[in-house]
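Engineer: Please find one structure pasted underneath; my questions will follow.
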Amino acid sequence: MVSFTTTALLIIGITAVIVSAGGGENYHHNKKHHNKKKFDVVVYGQFSSNVTQLSNTTITFQNDDGSELIYINDKDQSEILIEETCVYLVIWTIQVGFVCSTGEISSWARLNGRDIANSNAVQTNTLGNTALFILHLVEHFDKGDKFQLKQSTVDINGQIGAIASQAKDESDIPSAELTLICISREKEPYGQLFSTKTQFIGTDNPAGSIVSLDDIHKQHKFYGLRLRSSSSSSNDNSIIEYEEAGLYYFQVSVQLSRQGDGNVSLWLRLNGQDLPDSNIIQNIAVGEAGVSFTITLLELNMINYNS
């Protein structure tokens with residue numbers, strides 16, 4: 001029997017571009033007053049690096065690709081300075097490459113010099129391959145906070161890390177990219193839910209297995225959401241309930257490792273039914289580690305969970 005282990009991280013946020021429940025009275029305008037509508041400042045930042053960064057290091061960023069109230073520290077390019085208190089969605093990617101037979105790379109986030117819990121993931125690469133390492137988290141930042149990304153590697157006969165390159169007749173390939181977006185000031189629903197348990201899944205269940213999540217009060221970051229088990233006799237915390245209608249952005253990652261060769265599929269369900277076009281597949285070989293990653297947008301209506 002082929003089996004694999006998973007730990008999961010699920011991020012949910014209601015998108016800022018949609019009017020949510022209770023806000024519909026301002027959605028329609030006549031043409032006379034349309035241009036007078038005021039919008040809040042969107043706090044965001046996207047930063048990239050065109051420098052190859054190998055082995056154990058703190059990732060630096062040379063390029064501000066667009067930002068508002070988030071900046072690269074001029075004195076230390078590894079530090080991202082936060083100028084607005086908010087809950088942020090953070091996404092970063094590392095273009096993994098190496099000059100060795102095989103290697104492993106880990107990446108995680110730091111806030112004010114301290115590691116952020118449950119932000120780490122690991123990716124294995126073999127000779128001749130490249131991979132895009134995608135990581136994400138939700139975190140509350142205060143004005144004046146300093147955010148950083150760390151990288152740790154296990155190298156064999158060479159070095160592995162974040163590789164920058166130039167492609168002929170194509171856009172340059174950055175070694176690392178970082179995006180931060182303010183998504184909630186504790187008024188808009190959001191959530192970061194995760195599992196800290198290893199979950200073994202075998203081929204004896206072709207319909208798949210539901211990924212269980214930790215109890216919602218154990219270090220989760222959330223507002224306007226709640227977790228419950230799939231049955232009264234279960235403790236899997238696999239069902240997510242929401243308290244506000246709107247358009248929701250879902251982002252899911254699963255840390256994979258294998259005891260055999262095979263493919264791993266990951267998809268979402270809504271009200272007990274598989275979501276169309278939400279499935280992705282990833283191949284994992286013996287002894288390798290990788291991250292499976294999927295995103296989707298869903299318009300969710302209000303449900304009476306007590307009925």
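Nothing in this text is a laboratory measurement; each read-out follows from the coordinates by a stated rule. None of the values given here were measured: they were computed from a predicted structure. Virtual Cβ from ideal backbone geometry, glycine too; neighbours counted across all protein chains shown.
Engineer: Can you sort F133, F47 by how many other beta carbons sit within 10 Å, fewest first? Before the final figure, lay out the partial values.
Structural biologist: Details: F133 22, F47 25.
Ordered by Cβ neighbours within 10 Å, fewest first: F133, F47.
Engineer: In addition: How compact is segment 42-184 by the rule of thumb for globular proteins, expressed as Cα Rg over 2.2 N^0.38 Å? The partial results should precede the final answer.
Structural biologist: Details: Rg = 15.0 Å, N = 143, 2.2 N^0.38 = 14.5 Å.
Dividing the Cα radius of gyration by 2.2 N^0.38 Å gives 1.04.
Engineer: Expressed in nm to one decimal, what extension gain is obtained for the pair L297 and N73 from 0.36 nm per residue of sequence separation less their Cα-Cα distance?
Structural biologist: Details: separation 224, 0.36 × 224 = 80.64 nm, distance 3.36 nm.
Full extension from L297 to N73 adds 77.3 nm.
Engineer: Using R₀ = 35 Å, calculate the FRET efficiency as 1/(1 + (r/R₀)^6) where r is the Cβ-Cβ separation of N283 and N120; round to 0.05.
Structural biologist: Details: r = 23 Å, r/R0 = 0.65.
So the FRET efficiency works out to roughly 0.95.
Engineer: Report the extension gain between N263 and L127 in nm, rounded to one decimal, defined as 0.36 nm multiplied by the number of residues separating them, less their alpha carbon distance.
Structural biologist: Details: separation 136, 0.36 × 136 = 48.96 nm, distance 2.04 nm.
Fully extending the segment from N263 to L127 adds 46.9 nm.
Engineer: OK, next. Given contacts defined as C-alpha pairs under 8 Å and at least six residues apart, what's the relative contact order of segment 42-184, whole-number percent? Don't jump to the answer; show the numbers that get you there.
Structural biologist: Details: 402 pairs, mean separation 55.3, N = 143.
Computed over segment 42-184, the figure is 39 percent.
Engineer: Give K187/K221; K146/K187; K143/K197; K75/K150; K143/K221; K75/K221 a once-over and call out the pairs whose C-alpha atoms are over 22 Å from each other.
Structural biologist: Working: K187/K221 14 Å; K146/K187 24 Å; K143/K197 34 Å; K75/K150 18 Å; K143/K221 19 Å; K75/K221 31 Å.
Those over the limit are K146/K187; K143/K197; K75/K221.
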